[in-house]
Amino acid sequence: MTQSNFAHTYVPSLGRSVHRLGLACNYGIDEATFETALDRGMNYIFWTSLKTGHLRPALIRRLKQDRDRYILATGPAIGFFGGSVRRAAESILRKFQTDCIDVFHLFWVGRTSALTASTLGEIEKLKAEGKVRSLAISIHDRERAGELVQDSPIDVFMLRYNAAHPGAEHDVFPYFAQRKDAARPGRPGIVAYTATSWRKLLKAPRSWPAAPMTASDCYRFCLSNPNVDIVLTGPSSAKHVEENFSGLERGPLSEDEAKWMREFGAVVHG
């Protein structure tokens, strides 16, 4: 990946180009900063109900102004049954006054949702009706995620990946080339989250003799892996937005940068 296209990528399973910084809206961002982030080019909007109610009118306006520009990624807090999945999807459509959810999530598969014939069947129906464009899951079980990458109807995987937790490099990413579903030949999209390891990477342990990673370092680490399409960022201020964009402009990590970040991540992980 060259620096000239580091900020954007085409995701085959979404059928479109995305800005590689995905906007998570639940970390205290105010409406003005939310608008600024979108004006700067972010178009993948990851939405949960936590701490986001004040932003809903602004998002509805954006979707009405230019629906094709934005990718709305959201889903139900709980998703164990087909009927509840459908009710949640239709509730979301009403809530945002839109006719389609671009990326419909089953969150934390194995904990708060399940991949069953019932849930998957209902999502396929929602796709056929044009109410859902793609299916995403978030999952902590990397071994299972590697299996699902090879043979499942999942279009987007949301995975923990950062300098302190790089295990997806071994447990998930190598299986992309082995995807078996002929109806979905394109590689599934990958969205990385917890890029800062819940801010642990932003503070140096006592045993580390130098400065810690910055937030923009954390995002560049994720995006320098060619398997990662999008990394979620949860800015809480306009300053954070500007810092994240400035970091992105630096492009992929150099070998020396990658080396010290991995070393630092290992120390943070303990």
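The values are calculated or read from the model by the stated rules, or taken from the named source; none is laboratory data. Note that this is a predicted model, so its numbers are computed, not measured. Glycine also receives a Cβ, built like all others from the backbone with ideal geometry; neighbour counts cover every protein chain displayed.
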Go through the range 246-270 residue by residue and tally those that are in a loop (DSSP other than H, G, I, E, B), farther than 24 Å from T9 by Cβ and at pLDDT 95 or above. 0
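Somewhere in the range 127-137, is a residue of a type in the set (D, E, K, R), modelled with pLDDT of 95 or more and farther than 24 Å from T9 by Cβ? Even if it seems obvious, please write down each step before you answer.
Narrowing the range 127-137 to residues of a type in the set (D, E, K, R): 127, 129, 131, 133.
Applying the additional criterion that residues be modelled with pLDDT of 95 or more yields 127, 129, 131, 133.
When the remaining residues are screened for being farther than 24 Å from T9 by Cβ, the result is 129, 131.
The answer is yes, given that some residue of the range 127-137 is of a type in the set (D, E, K, R), modelled with pLDDT of 95 or more and farther than 24 Å from T9 by Cβ.
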Given (1) under 25 Å from I71 (Cβ atoms); (2) free of Cβ contacts under 8 Å to residues at least 24 places away in the same chain; (3) part of a loop (DSSP other than H, G, I, E, B), identify the lone condition not met by A211. (1)
Would you please name the residue that is modelled with the lowest pLDDT, looking only at residues in the range 160-175 that are over 16 Å from the mean Cα position of the chain (by Cα) and in a helix (DSSP H, G or I)? Y175
I'd like to verify a number: residues in the range 131-159 that are assigned to a strand (DSSP E or B), among the hydroxyl-bearing types (S, T, Y) and over 16 Å from W108 (Cα atoms), how many? 1
If C100 satisfies every condition in (1) more than 26 Å from R56 (Cα to Cα); (2) in contact with a strand residue (DSSP E or B) (Cβ under 7 Å, 6 or more places away or on another chain); (3) modelled with pLDDT of 95 or more but one, which is the exception? (1)
Residues in the range 58-71: is at least one touching a residue at least 24 places away in the same chain (Cβ under 8 Å), under 24 Å from N225 (Cα atoms) and part of a strand (DSSP E or B)? yes
Can you find, within the range 186-216, the residue that is surrounded by the most Cβ atoms within 10 Å (Cβ to Cβ) among those that are under 26 Å from V172 (Cβ atoms) and of a type in the set (D, E, K, R)? K200
